[in-house]
Every structure is written in C-alpha cells, then in structure tokens.
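The values are calculated or read from the model by the stated rules, or taken from the named source; none is laboratory data. Keep in mind it's a predicted model, so treat the numbers as computed, not measured. Here the Cβ positions follow ideal geometry from the backbone for every residue, glycine too, while neighbour counts run over all protein chains shown.
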Amino acid sequence: MNKLTLLTIAIIVLIAAFLIIRANFSSNTQLEMADVSKSMINNEQMKSYSFLSGMRSDSYFPPFLVDKCEKILVELCITIEHEQPQNLKQLYRLTHNATNRINSLENEFYENDSEIETTARESIAMDFGAISKAYSFDDADIETLIATRSW
C-alpha cells in the first residue's frame, strides 16, 4: 500500500473512533441527567430553594410539566457546579441551553390546556436570577439569562 492509502485508512479509523466516543459520551450524559435530584446540588442555597413556587401554587400548570421545568433548573445548577463558568458569557451559554430546553416543553403545555404565560415567565425568570446569584454572578442580567426564550 502506498502512503496515501495508509493515511486515508488512518483518518477513517480516527473519525470512526471519534464518532463512537461522542455517541457514548452523549448517551452517558443524558442518562446521568435523567436521574438528577435536588440532593445532588452542592450549593446549599439552591439545594433548599423552592423552584417554580409561582407555578406550583397555580393549578393552571400541570404538576408533571412543572416538575420537568424544575428538573431543567436543577440540571442547570449541577452543570454550573461541574463546569464552573468563569464569566457571564460562559454562564449565559449554560442558561441559554436550559432556556431552550424549557422552550421545547411549550407544545406539551398546550397539549395539557396550559401555556408558559405571565405567571410562568415570571416564576422561571426569578429562578434563573436566583441561580445566577447563588453562584456569585450578581451582575447577570435576567433578560440575558433567558434571552433565547420563546415564551
């Protein structure tokens, strides 16, 4: 075999290895996050925080969907603790990901005769603000934290 053929084979093997590793990492991360609970949060303030209290006290919001939103916020706390963002740009990347995940629940809210409306928006935004302050990002702008919201 000539050098070009060997190089091509080596590149194909590296790409295949990368794809296998990436697929395993993604499925492991999703599996780990599927089993999160508030007890996994290290920050004592957030561990005892009552997430989405405005939504929980309103029967308009299906409890199982509020639980899904809370899970996303708990995962955000755990991710912040794991990744330890060093600046607002890094924090905003994490909060935008969480916001996008909440966005993806909108149809489920509609299907259950509910929606992410004023009470929900205020409750979710307040919790994003509490999370940023609990992790010492006092200068974080709430609207920027949730800038990718569709609600």
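Pairing residues of the stretch 46-58 that are over 15 Å from A125 (Cβ atoms) with residues that are in a loop (DSSP other than H, G, I, E, B), at Cβ distances under 7 Å and at least 6 apart in sequence or on separate chains, gives K47/I41.
When the stretch 123-151 is filtered for residues that are farther than 22 Å from I80 by Cα and surrounded by fewer than 13 Cβ atoms within 10 Å (Cβ to Cβ), only S150 remains. Being more than 24 Å from S150 (Cα to Cα) and either at pLDDT 95 or above or surrounded by fewer than 13 Cβ atoms within 10 Å (Cβ to Cβ) (or both), is that true of even one residue in the stretch 86-101? Yes, the stretch 86-101 contains a residue that is more than 24 Å from S150 (Cα to Cα) and either at pLDDT 95 or above or surrounded by fewer than 13 Cβ atoms within 10 Å (Cβ to Cβ) (or both).
Inside the stretch 64-82, can you point out the residues that are under 18 Å from T144 (Cβ atoms) and free of Cβ contacts under 8 Å to residues at least 24 places away in the same chain? T79, the sole residue that qualifies.
Here E117 clears all of (1) over 13 Å from the mean Cα position of the chain (by Cα); (2) of a type outside the set (F, W, Y); (3) at pLDDT 95 or above except the condition numbered (3). Across the stretch 68-84, the qualifying residues are those that are of a type in the set (D, E, K, R) and in contact with a Leu (Cβ under 9 Å, 6 or more places away or on another chain), and the one among them that is surrounded by the fewest Cβ atoms within 10 Å (Cβ to Cβ) is E83.
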